Amino acid sequence: MTSQLRKFALLAAALAVSAGGLAHSAEDPRVRVTTSLGAFVIELNPERAPLTVANFLRYVNEGYYTNTLFHRVIANFLIQGGGVTPEYTAKTPREPIPNEAGNGLQNLRGAVGLARAAGPHTGDAQFFVNVGNNADLDPLPTRWGYAVFGRIVEGMDVVDLISVQPTGAVGGLKSDAPLKAVIIQSVTLIGGAPAEVATPPVQQPTPPDATPQAPPGQ
């Protein structure tokens with residue numbers, strides 16, 4: 001290849017990355033979630049959920065999840081955490097991001113999704129792990145779903161252990177909070193490269209509201 005052709009090839013590659021809006025790595029990022037009951041590993045999917053993965057990794061890199069709780073656990077359904085301190089106070093997250101549900105990833109056992117409030121574009125820091133197959137959390141033409149952005153690849157037994165902890169009303173939480181706190185000690189990137197958001201979030205149109213039963217709310 002001549003020097004001139006090589007320059008054109010490099011320029012084309014740079015433009016392709018810019019147009020795609022994301023920097024992809026050969027290996028999908030993985031993070032280790034270390035808790036007071038053990039550790040598990042999440043493999044993220046930046047191809048299917050680029051905004052959600054980039055958002056999650058930003059919190060990881062900032063150490064946001066350190067010393068937070070899995071504050072909501074329901075056997076055969078899900079475990080949810082990443083936004084409540086051991087003193088049962090809510091952490092202040094960054095701005096919400098657009099909902100990437102409908103990306104082809106389903107809320108099956110072991111899938112990791114972004115928790116949100118009733119509004120479709122209210123997800124920020126809190127995440128959940130599906131303990132069962134939860135089709136009610138997937139989108140339909142008449143409702144928004146809950147965006148899946150990764151899957152458990154190691155330590156699902158730890159997730160199961162967390163999910164069966166005795167629960168009740170604790171520290172101002174009305175229900176489903178472990179009676180003995182399950183603490184997220186750290187969330188660390190252990191493989192792959194962080195995704196980068198190159199375009200600002202764009203508000204998506206909202207279909208008719210249809211909230212799933214017992215959704216992973218904030």
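The values are calculated or read from the model by the stated rules, or taken from the named source; none is laboratory data. In this text the structure is predicted, and so the values were computed from the model without any measurement. Heads up, the Cβs are rebuilt from the backbone with ideal geometry, glycines too, and the neighbour counts pull from every protein chain shown.
Structure values in brief
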| quantity | calculated |
| --- | --- |
| Residue in region 117-127 that is closer than 22 Å to P178 by Cβ, under 14 Å from the mean Cα position of the chain (by Cα), in contact (Cβ under 8 Å) with a residue 60 or more places away in the chain and not in a loop (DSSP other than H, G, I, E, B) present | yes |
| Filtered residues of region 106-116 (kept if under 16 Å from Y65 (Cα atoms) and in a loop (DSSP other than H, G, I, E, B)) | A115 |
| Test: residue in region 79-99 that is in contact with a Pro (Cβ under 8 Å, 6 or more places away or on another chain) and of a type in the set (V, I, T) | yes |
| Residue check for V170: over 24 Å from V53 (Cβ atoms), β-branched (V, I, T) and in contact (Cβ under 8 Å) with a residue 12 or more places away in the chain | yes |
| Boolean, G81 is within 25 Å of L161 (Cα to Cα), at pLDDT 95 or above and within 12 Å of the chain's Cα centre (by Cα) | yes |
| Of all residues making up region 65-89, the number that are assigned to a loop (DSSP other than H, G, I, E, B) and surrounded by 20 or more Cβ atoms within 10 Å (Cβ to Cβ) | 4 |
| Matching residues in region 1-53 - criterion: being at pLDDT below 95, of a type in the set (A, V, I, L, M) and within 30 Å of P96 (Cβ to Cβ) | A16, V17, A19, L22, A23 |
| Matching residues, region 139-157, being part of a loop (DSSP other than H, G, I, E, B) and crowded, with 20+ Cβ neighbours inside 10 Å | P139, W144, G145, Y146, A147 |
